[in-house]
Amino acid sequence: MADSTARALRLLSMLQNRRYWGGAELADRLGVSVRTLRRDVDRLRELGYPVQARPGVDGGYELSPGAVLPPLVLDDDEAVALTVGLQAAAQSPVAGTAEASVRALAKIVQVLPTRLRRRADALRAVTVAAVWTPSRAEIDPACLTAVAQACRDTERLRFGYTTASGESAERFVEPFRLVALGRRWYLVAFDLDRGDWRSFRLDRLSAPRSTGARFAPRSLPGGDAAEFVRAGITSRQPGHRVEAEVQAPADEVRARIGQWSTVEPTGARSCRVHMEADDLSWPALALGTVGAEFAVLSPPELRDLLGEWSGRFAAAASAERGRTS
């Protein structure tokens with residue numbers, strides 16, 4: 001009995017870690033006959049796990065969403081709380097926690113009944129989490145989960161993507177790994193349209209759609225997905241790191257330009273703004289839109305640019321007054 005119980009738990013884990021298994025392959029991995037595999041599947045069904053069988057020569061098994069949660073695992077309230085908690089933990093700064101949370105979330109969402117998904121989404125929508133630093137990359141948990149499942153199931157994926165320059169296009173990829181670096185998530189994938197490996201920031205990715213087409217995983221150059229992302233970030237480092245002191249409350253400044261910057265309070269009515277840019281024109285414009293006095297701390301090139309602009313603006317204002325006087 002102990003051996004059959006351990007084997008059933010291993011079977012359950014395998015079904016959770018991959019969307020579909022062929023019957024012969026699954027039996028071989030477990031080291032049992034196809035007949036014994038059928039008995040183990042029936043045991044899981046008796047416990048409430050929704051294991052579906054596909055008939056035919058190439059038939060197999062998959063774990064599908066159920067009408068209710070399997071018994072002796074989680075009740076409804078616990079399942080909702082766990083789902084919301086894992087969504088929040090996916091943004092955790094604790095090393096290793098984010099990746100593990102996404103893997104667990106992908107497993108739970110696969111068998112979570114629709115009614116509980118709605119409850120979890122509603123609870124998340126009205127919950128404000130206290131974060132350790134201003135978030136610079138808000139990610140839809142549903143998007144994160146969809147991409148994680150496509151990586152796990154080796155299914156080709158389509159999604160919309162907006163580049164750093166603001167260009168939008170549809171992408172068609174073979175997803176490989178999700179990588180969490182700092183406060184951002186990246187998808188490492190083989191871009192089928194461009195015929196090369198790419199990394200994609202998830203906060204710039206929209207409407208991921210699994211095509212249902214399976215693929216044989218390719219070998220990533222170097223083999224390390226995190227190093228691949230780091231190398232790409234290094235090659236794309238912005239030319240300028242901007243730091244400015246703004247004479248306005250941090251909340252007001254964050255409401256205006258927080259989407260493109262990190263804002264740290266330095267007093268009740270002052271804050272420090274950090275931005276990264278290849279072109280200094282847009283940080284100059286962003287700081288100008290705040291509507292408050294500010295001082296550029298770095299780089300000196302931004303101060304030079306503002307001095308140049310101020311002369312042109314002053315000349316333009318003077319010319320306008322001359323025409324109206």
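The values are calculated or read from the model by the stated rules, or taken from the named source; none is laboratory data. Please read these numbers as outputs of a predicted model, since none were measured by experiment. Quick reminder, even Gly has a Cβ in these numbers, built from the backbone with ideal geometry, and neighbours come from all protein chains shown.
Right, residue 304: out of contact with any Leu (no Cβ under 7 Å at 6 or more places or on another chain), of a type in the set (Asp, Glu) and either modelled with pLDDT under 90 or part of a loop (DSSP other than H, G, I, E, B) (or both) or not? Quick ask: steps written out before the conclusion?
Working: out of contact with any Leu (no Cβ under 7 Å at 6 or more places or on another chain): yes; of a type in the set (Asp, Glu): yes; either modelled with pLDDT under 90 or part of a loop (DSSP other than H, G, I, E, B) (or both): no.
Taking the combined requirement at face value, the residue does not satisfy it.
For residue 223, the criteria (1) assigned to a loop (DSSP other than H, G, I, E, B); (2) at pLDDT 90 or above; (3) of a type outside the set (Phe, Trp, Tyr) hold in every case but one, which is (2).
The numbered conditions (1) outside any helix (DSSP H, G or I); (2) surrounded by 14 or more Cβ atoms within 10 Å (Cβ to Cβ) are all true for residue 241 except (2). Of the residues making up region 250-263, at least one is touching a Leu at 6+ places or on another chain (Cβ under 8 Å) and not assigned by TED's automatic domain parsing to the domain that holds residue 188.
Could you say which residue among 222, 232, 212 is surrounded by fewer than 16 Cβ atoms within 10 Å (Cβ to Cβ) and either under 22 Å from residue 167 (Cβ atoms) or β-branched (Val, Ile, Thr) (or both)?
Details: 222 fails: either under 22 Å from residue 167 (Cβ atoms) or β-branched (Val, Ile, Thr) (or both); 212 fails: either under 22 Å from residue 167 (Cβ atoms) or β-branched (Val, Ile, Thr) (or both).
Within the list 222, 232, 212, the selection yields 232.
Of all residues in region 102-121, exactly one satisfies the criterion of being of a type in the set (Gly, Ala, Ser) and farther than 16 Å from residue 150 by Cα, namely 120. Regarding region 204-214, can at least one residue be identified that is assigned by TED's automatic domain parsing to the domain that holds residue 146, in a helix (DSSP H, G or I) and under 30 Å from residue 147 (Cβ atoms)? Looking through region 204-214, at least one residue is assigned by TED's automatic domain parsing to the domain that holds residue 146, in a helix (DSSP H, G or I) and under 30 Å from residue 147 (Cβ atoms). Each residue in region 141-195 was checked for being assigned to a strand (DSSP E or B), at pLDDT below 85 and surrounded by 15 or more Cβ atoms within 10 Å (Cβ to Cβ), and 4 of them qualify.
Any chance region 66-84 includes a residue that's at pLDDT 80 or above, part of a loop (DSSP other than H, G, I, E, B) and under 27 Å from the mean Cα position of the chain (by Cα)? Don't jump to the end; show me each part of the working.
First pass over region 66-84, keeping only residues at pLDDT 80 or above: none.
The answer is no; no qualifying residue exists.
Once region 13-50 is narrowed to residues that are among the β-branched types (Val, Ile, Thr) and surrounded by 15 or more Cβ atoms within 10 Å (Cβ to Cβ), the residue that is nearest to residue 105 (Cα to Cα) is 41. Among the residues of region 189-205, those that are in contact with a helix residue (DSSP H, G or I) (Cβ under 7 Å, 6 or more places away or on another chain) and in contact (Cβ under 8 Å) with a residue 40 or more places away in the chain comprise 202, 205.
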